[in-house]
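*Asks:* Below is a structure I'd like to ask you about.
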Amino acid sequence: MTMELETIRQVPKVALHDHLDGGLRPATVLELARDVGHETPAGDAASLADWFRDQSNAGSLAEYLKTFSETVAVMQTPDALRRVAREFVLDQAADGVVYAEARWAPEQHLTRGLTPAQATEAVRDGLAEGMAQATAEGRPIIARQLITSLRHTPPRRDITRLAVDYRDDSVCGFDLAGPEDGFPAVSHVAEFEYLRRNNVLFTIHAGEAAGPSSVWEAVQLCGARRLGHGVRIVEDVDLTTGRPAPGGIAAYVRDVQIPLEVCPTSNVMTGISDGIDTHPVDVLLDLGFAVTISCDNRLMSDTTLSRELAALSAAFGYDADDLLFLTLNAAQGAFLPLDERVQLIDEVILPGFAAVTG
Ligand SMILES: [Zn+2]
């Protein structure tokens, strides 16, 4: 039996792939823009929300990424970063998310004189405020930040180091994002080696705007523990025979259960999939890949995690057990210590699903 949106909102969920600069409230963009004299493409919250959705729905990752200049421009002060981080947590909690990782690229938030450390601390403080407020409102949530670097800018050790320096202080790992095609992850290999030497977990956006060779590079040359999107790994699976046959890198990713951070609506908007009902997520799940579901950018994709799961339930008939399975995959893939993941599963996710779905 499929699950309705309202029911899905009530079950505990885990959001692994959510960009801090892709999830602002439209009203917040407007207010922050006014504070710093930034001109926005629309003057009221509803029109601005439409603008983000329409501009992002362009059929290519490069076009989709252009809208971020509007959000990044208003996230250049400690107060703005703290507010956006706080609202990130509150909005996730309101959607029933119990664990969320917020990823963002500090190097993009230094135009008004912030140091990378000051920016990281502002996000840390905002996450803490959001967690405290959500808990006080009866919706406890754990939120962490992922320090992101960008494929198309030169590696910066001072940025990478933030993932080491703040690892016990709100930062749970590292991410590489940005335009995939033409900007190989291997250009950042020295940073990944530095992270591995320091035992820092990291994920890499790969298998989104490029195919299996990009996934291979992220996993085998760089050492990614998770894959942002990763869905084009399906191109390394022979689906023409009765029994699908994974190729070398597809088999590896499946067999060692590297979590795929799948963001269905985002993939439709960037042209990876024609629609949710033709998205490769169902094939990947069938083949045993460690599929997790996220939003990517709630503002640009006009979505929430509950809506992503509801869309999958409607398209593929996923029932409560299927959604629990996806949620457990995500919890197991969280960049949290093992004991905290076990506690999240045993004390929050399993009883939370049981309470709602019986
Ligand atoms: Zn992403």
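*Asks:* Just the residues that are assigned to a loop (DSSP other than H, G, I, E, B) and either without any contact (Cβ under 8 Å) to a residue 12 or more places away in the chain or of a type in the set (S, T, N, Q) (or both), please, taken from the range 23-44.
*Replies:* G37, E39, T40, A42
*Asks:* Quick check on R167: is it surrounded by fewer than 21 Cβ atoms within 10 Å (Cβ to Cβ), in a loop (DSSP other than H, G, I, E, B) and either within 16 Å of the ligand (Cβ to nearest atom) or not hydroxyl-bearing (S, T, Y) (or both)?
*Replies:* Yes: the conditions hold for R167.
*Asks:* Give me a count of the residues in the range 257-278 that are more than 16 Å from I204 (Cα to Cα) and more than 16 Å from the ligand (Cβ to nearest atom).
*Replies:* 5
*Asks:* Spot the failing condition for A314; the list is (1) open to solvent by 60 Å² or more (accessible area, probe 1.4 Å); (2) under 17 Å from A93 (Cβ atoms); (3) hydrophobic (A, V, I, L, M, F, W, C), and only one is missed.
*Replies:* Going through the list (1) open to solvent by 60 Å² or more (accessible area, probe 1.4 Å); (2) under 17 Å from A93 (Cβ atoms); (3) hydrophobic (A, V, I, L, M, F, W, C), A314 breaks only (2).
*Asks:* A250 versus (1) modelled with pLDDT of 95 or more; (2) within 16 Å of the ligand (Cβ to nearest atom): which is the lone unmet condition?
*Replies:* (2)
*Asks:* Next question. Which one of A190, A177 is within 16 Å of the chain's Cα centre (by Cα) and at negative phi?
*Replies:* A177
*Asks:* Next question. If a residue has to be assigned to a loop (DSSP other than H, G, I, E, B) and open to solvent by 50 Å² or more (accessible area, probe 1.4 Å) to count, how many in the range 181-207 make the cut?
*Replies:* Result for the range 181-207: 6.
*Asks:* Can you confirm whether A354 is over 22 Å from D18 (Cβ atoms) and modelled with pLDDT of 95 or more?
*Replies:* Yes.
*Asks:* Inside the range 16-75, can you point out the residues that are touching a Phe, Trp or Tyr at 6+ places or on another chain (Cβ under 8 Å), open to solvent by 40 Å² or more (accessible area, probe 1.4 Å) and farther than 24 Å from L176 by Cα?
*Replies:* Scanning the range 16-75 gives a single hit, P41.
The values are calculated or read from the model by the stated rules, or taken from the named source; none is laboratory data. All values reported here derive from a predicted model rather than from experimental measurement. No Cβ is skipped: glycine too gets one built from the backbone with ideal geometry, and neighbour counts run over all protein chains shown. Please note that ligands, DNA and RNA were not included when accessible areas were found on the heavy atoms of the full protein model with its side chains. Shrake-Rupley method; radii C 1.70, N 1.55, O 1.52, S 1.80 Å.
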